[in-house]
Amino acid sequence: MWPLSEDTNEVVLLCAWFAGEREYVPLGLQEYNLLASWLYQHDLRPRDLKDLSYIEEASVATGLNLERLTGLLNRRISLGFYLEDWKRRSMWIISRSDDGYPLRIHQHLKSQSPPILFGSGEPSLLGIGGTAVIGPSMETAQLNRFIHTVTELCIQHHSPLIIAGQHPISTQLIKSGIELGNSFIWLRPGKLLGQPLDRPCRDAKASGNITLLSSRSPADIRTFSEEPEIGSLLVAMCDHAIYIDSNELSMDDFNSGEAILRSLPKKKCFVYRHDPVSSLAESLLSNGAHPWIDEEIAIDAGLFNGSLQRQIKQNEPLIETTDHTGTNTKSSPPSAEDLSGHIHDDHHSIDSSEPATKLSTTESISQNGVQGELFD
Amino acid sequence: MPSLKHRESLKQIALLHLRAAVGSGDADFRDGQWESIYQAVMGNRVLVVQRTGWGKTMVYTISTKLRREQGAGPSLMISPLLALMRNQEDAAFALGLNARRMTGDNHGEWKKIHEELQDDKVDILMITPERLGSNMFLTKTLPIIASGIGMLIIDEAHCISDWGHDFRPDYLRIRRIQQMIPQGSSVVATTATANNRVVEDIKHQLGDNIQVTRGSLIRRSLQLHNFKMPEPSTRLAWMAWAIPEHLPGSGIVYVLTRKDADLVTKWLQYKKIDAHAYYGGTEEREHLEKELQNNNIKVLVATIALGMGFDKPDLSFIIHYQRPSSVVHYYQQVGRAGRGITDAYGFLMWGEEDERIADYFLDNAFPSQTEIDLVMNALEEADSGLKLKEIMFQVNLKKSRIEKVLSLASLESPAPVINERGIWYATGETDGFQIPPERIERLRKIRSDEKAQMRQYMNHDGCLMSFLQHALDDPSAESCGRCRNCIDRRDMNYLPKAEKINEAQQFLGKKLNQIFVHKKWPIADLSDHPIHATTKIIEKYQASWGFALCRMFDSDLGHQIMRERTSGQNYSDGVIEAFATLLKNRKIMPSYVTYIPSISRQRQIQFLAQKVADHLGLSLIHAVSRTPNGSRQSDMKNPILRARNVANAFVIDQPCRAPTLLIDDITTSGWTFATVAALLRYDDCPKVIPAALMIHTLSD
């Protein structure tokens, strides 16, 4: 991942916050999509924006302010300082233009995929899927027991846990999971990605059992609650989700519950109910989520069906990929080549020959109402 | 590609700026100066290798001026030394540029500088390489200028190269940063001291397409002398004679250590010479630089902290009290003198301690793998992070060794350790961390070769200036016709008169050998005893200032004491008499003598104390005894462990209720004296005066 590709350099300049930008606000997702769409239509790539004439053309065509675009791209020297710091903190950066951009996120979020992902820890975990746990902020003895059960089940079924946030229950999940040897994808605010970890997480990171991920730059000082895309990422990364209902203050700062609701029934969701049932839990249940009764019933209902355990049983590779021509290839762990050729909105065409177990690209684009188009 | 016409008009504007800056209507660019400015303005990378005083500052100040006039953002300058920055502030001011620095000594101004940056009122922002790693810089300062740093200036660029004489680990970060800066960004790197190998390495680091400007290094105004004077007292006496009587104007005396800076300053002051000490950590550095600039000070006695970049055109002499670590260092330091005057002098003296100090720096340049592993393990085992003091508490290494490990490790990429707000954390990348042995070996060899070259220079009988030029691969090296060897004064006698040397010897005996009084314990709660109830040592428990006969390596006596101590035999009558005479002369008038009980040399020390008591006509009291706690103090490598080691190691058997002389043979950190003195005073001793045969120097 180091050095950054020329494309990623430009995408980071355009979209990443380097703390408190005042003069030129980095491009948001929809703005970047406008620009990416223009690049695609003109058979250009982000790196071509080094040429001022293309920036001028792009500005006219997209309506994005020219001064803002050049101002953002002029942050080159500063970028050097930040990249050096991030690399020293053993972080990595992938943009949508990179072949290594996680396929799961592309497939699920399509043009809503974050232009850049910032991460730390083992990147290959991003291709495995897992069990997303969305729940309340407060721990209780009962919840801790439930979490322990979920963690054990995930280990038995080789399903990494995917969690978000900083709440005590997340910490409990991680602590419990690390003790049992599970793997994690931990979605965190960008500004916490490079921060020191306590010993259990540090050890898990050293042994390749944890990946920290954010769509925000580590220098982004905007508040955690302004990072709603984490919810979508959480759902995109998982095979299935467990929603822990509660009247407590939710740890769901990122609308993960809403995101899983939107993904039903394609992603399986299990609701651990609380009395009285919250309106979101009710919506989930009425849209195809399963009530959690016990683990046996959950497994019978399809929990872990999409997980690694199933793949291993069937002697399948860890990751399903397709090559540039759309032919299935099997390999483990994922490589940049493996993950290429799909919906690289910045320069590739749509590959609609996804395996049946995966979300059909065409289907999902249709859901977004942009049949056959790359950008919405 | 800009037209020739555009280039010519740009040059005319630049020339106007140059003339305004130097205050001369007919000033013109030096060879290579305009070409470097032009490349920088056009967004290219430039390396300027020119002697000090050539006008490197003009390259980046005029480039900045032109870039700012074109609407670019401020330049960011990375410079290793404060002295340099202060000069550069003034140089920028002459061009109407607002240069501001954010350094450790001007914290109070940072808020205002941030405001000025926000209002685009800063043209050059100067920081030290160490600042690059600070969270404050990345989260508060850089974001303000993120959208438009117009130019990156790397001053003293030879520090980037580990082939260089002055490689600095913090420059590793600059190396990586500039590698991540895309082409098309203006980068200006400057140095006065780079040989071919270093230039090639800098080019490699900054990109092979960098434009290099290189010129002659000769300084024609300088008259160089070198001579051997083994004894410090002789050198002190020589300076006391030469500076007031034979060296007009003002100058700098370079020394190797802070301790020597203080010592030489005190001597010169004692001899009524207006001298001031200057080294890292001195509060009034900026004030002292200004005073020297304005010729209000005759001489600054400085460590290498006043090295690169200090610009005083009429500085008329540089004296080296000790031998610098390399010829390049020497060239750089002596090159401070004679920039704007026709006659200036460089005197290089070398003494018997030089080799030992050079070896010490060489031996301590890199931590061993064992030391690295000890520090890494402590951090790995910690649940969260550790403060430096906490690491010192756990790891039996000198503070400076721990700091060295942390500093080198934190500069790796990815880094096995990081520092957040003063706390060190393992990152999970510690496993197998090592500094490649071949790299250490290569760097040690470079340093060792530099040392050998310095010795060659000391004994060189040809032109001294030409030697320096050759050492820096200056193709235009030629005889200067001015140095001691060129004017054939190799038989010149530099030795001062005997009475002057005697005076300096007496001064050294008095000033060097005071035993420091600790006023604070290094950490809280060292023991349950009330003397440790607060981190501050309560005044009524403190020792008085004490006295030692000598320092370990400063004289023959030090070596003799060391030999007698190691033999295990009683100290000789000569040593004891000298010690007793010293104490008599101090007129300290104690009522009792007692001593620090020793684990391994109890008989030796008790004998020493008894003899001293006999000489002074006082009673020896066996006031203190050891508990089973505590190991040999000499096994403890840092002050925290030393303080902890002795915290529970002594009890008072017999209170001394009158002023008491407390004897030990050697003192290093002074924690044993501090602890036993506090215990004695807790038991009603009104005054405790520590006295030792010797102070062990070059320790933490």
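Computed values, structure above
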read-out: Candidate aspartates and glutamates for bridging to B:Lys445, where Cα separation is under 13 Å - those fewer than 8 sequence places away on the same chain excluded; value: B:Asp162, B:Asp359, B:Asp363
read-out: Cleavage-rule hits (trypsin sites (Lys or Arg not before Pro)) in the stretch B:565-669: DSSP loop, at most 11 neighbouring Cβ within 10 angstrom; value: B:Lys587, B:Arg632
read-out: Under 26 Å from B:Lys5, Cα to Cα: lysines that are on another chain or at least 8 residues apart; value: B:Lys56, B:Lys65
read-out: Estimated inter-spin distance, B:Arg7 and B:Tyr360, nm [label 7 Å along Cα→Cβ]; value: 5.5 nm
read-out: Computed over the stretch A:36-173: relative contact order in percent, which uses C-alpha pairs under 8 Å that are six or more apart; value: 16 percent
read-out: Between helix B:82-94 and chain B: long-axis angle, C-alpha atoms, 0 to 90°, nearest 10; value: 30 degrees
read-out: The stretch B:59-136: trypsin sites (Lys or Arg not before Pro) in DSSP coil with no more than 15 other Cβ atoms inside 10 Å; value: B:Lys121
read-out: Chain B: angle of helix B:573-585 to the longest principal axis, Cα-based, in degrees nearest 10; value: 80 degrees
read-out: Whole-number D in µm²/s for chain B (Stokes-Einstein; Kirkwood sum over Cα pairs; 10 °C, 1.306 mPa s); value: 57 µm²/s
read-out: Between 0 and 90°, nearest 10: helix B:56-69 axis offset from chain B longest Cα axis; value: 60 degrees
read-out: Net +/- balance of residues flanking B:Ser216 in space, Cβ distance below 13 Å, scoring K and R +1, D and E -1; value: +1
read-out: Reachable aspartates and glutamates, given that their alpha-carbon falls under 17 Å from the alpha-carbon of B:Lys389 and they are not under 8 places away in the same chain; value: B:Glu371, B:Glu380, B:Glu381, B:Glu403, B:Glu420, B:Asp525, B:Asp700
read-out: Cα extents of the stretch A:6-101 along the three principal axes, largest first (Å); value: 39, 32, 23
read-out: Spin-label model distance (nm) - B:Arg220 vs B:Lys510, 7 Å beyond Cα toward Cβ; value: 4.8 nm
read-out: Order of A:Glu122, B:Glu116, B:Glu200 under a 10 Å beta carbon neighbour criterion, fewest first; value: B:Glu200, B:Glu116, A:Glu122
read-out: Neighbourhood charge, 14 Å Cβ-Cβ cut-off, centred on B:His17 and excluding it, Lys, Arg +1 and Asp, Glu -1; value: +2
read-out: Average other protein chain Cβ within 10 Å of Cβ, residues A:65-76; value: 3
read-out: Of B:Lys520/B:Lys584; B:Lys272/B:Lys510; B:Lys271/B:Lys500, pairs whose Cα-Cα distance is over 21 Å; value: B:Lys520/B:Lys584
read-out: Long-range amide H partners of B:Ile515 with built H, under 5 Å; value: B:Gly546, B:Phe547, B:Ala548
read-out: Relative contact order (%) - chain B, alpha-carbon pairs under 8 angstrom, separation at least six; value: 11 percent
read-out: Pairs beyond 30 Å (Cα-Cα), from B:Lys387/B:Lys687; B:Lys259/B:Lys398; B:Lys266/B:Lys497; value: B:Lys387/B:Lys687
read-out: Ranked by how many other beta carbons lie within 10 Å on average, peptides A:90-99, A:2-11 from highest; value: A:90-99, A:2-11
read-out: Over the stretch B:503-567, equivalent-ellipsoid semi-axes from the Cα gyration tensor in Å; value: 33, 16, 8
read-out: Averaged over A:191-204, number of beta-carbon atoms from partner chains that fall within 10 Å; value: 4
read-out: The stretch B:188-205 residues near the modelled B:Ser476 label - backbone nitrogen below 18 Å, point 7 Å along Cα→Cβ; value: B:191-196
read-out: Distance between modelled label sites at A:Leu66 and B:Tyr682, nm, 7 Å Cα→Cβ extension; value: 7.9 nm
read-out: Average beta carbon contacts from partner chains per residue of B:171-181, 10 Å cutoff; value: 5
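FYI, it's all coordinate maths here, none of it is from the lab. This structure is a prediction, so every number in the text was calculated from the model and none was measured. Glycine gets a Cβ as well: all are built from the backbone with ideal geometry, and neighbour counts include every protein chain shown.
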